[in-house]
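Since every read-out is calculated from the coordinates, none of them should be taken as a lab result. Given the structure is predicted, the values throughout are model-derived calculations rather than measurements. Every residue, glycine among them, receives a Cβ derived from its backbone with ideal geometry; neighbour counts consider all protein chains shown.
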Amino acid sequence: MNIKITKVWKSIGISGLIIAALWGNLIYMNLRLSDPILPGWEEYSQPRFEELLERGEPLLVEVYASWCPTCLLQHKAFETLIEESQAPNIRAIRVDYERDPDFLQKYNIRGTGILIIFADGKEISRASGLVTADKILGFLSPHAL
């Protein structure tokens, strides 16, 4: 009897390790807190967003979720740009994917990790999956940002 229990325990222990290795990051991403808002950025609110659109100045919007691996990498890339004094000179707003469904519906957004540029009150460009500082700068530079 002792031998059977030891075999079962070893089997569960190894299975548990395999599950943790395969699913651990996914579990972590779903339980972790949101990244802090970057310096100079604002959290989305509809009145403020509409006010900024009316001004017509360039505006960068990030569609973000704390559980999104792409969003985590984008956040780190923006931190790098700030640390290296290469941050774009543009007003930026972070839209929470789970908290701001009206924005998502209005702009037909179906995922996270999306960057959108608005100018003159209209969307002028959109990209997703930009996870390095170079790719973010490459997306912004054609718009002189």
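In order along segment 39-44, the phi-based Karplus estimate (6.51 cos²θ - 1.76 cosθ + 1.60, θ = phi - 60°) of 3J(HN,Hα) comes to x, x, 8, 10, 6, 5 Hz; Gly and Pro are listed as x.
Only bridges whose two residues both fall in segment 41-143 count here: according to DSSP, what percent of them are antiparallel, nearest 5? It would help to have the intermediate numbers written out before the result.
On the way: 11 of 20 bridges.
Around 55 percent of the beta bridges assigned by DSSP in segment 41-143 are antiparallel ones.
Annotation for segment 54-79 versus segment 96-145: alpha-carbon center distance of 7 Å.
Which order do peptides 100-107, 75-82, 63-70 fall in by mean Cβ count within 10 Å, highest first?
Numbers: 100-107: 14.0, 75-82: 17.4, 63-70: 19.6.
Per-residue mean Cβ counts within 10 Å order the peptides as 63-70, 75-82, 100-107.
Annotation: extensible slack from Ala144 through Asp102 equals 12.2 nm (criterion: 0.36 nm per residue apart, minus Cα-Cα distance). Taking amide H atoms as placed 1.01 Å from N in the peptide plane, the amide H of Glu43 lies under 5 Å from those of Arg94, each 5 or more residues away in sequence or on another chain.
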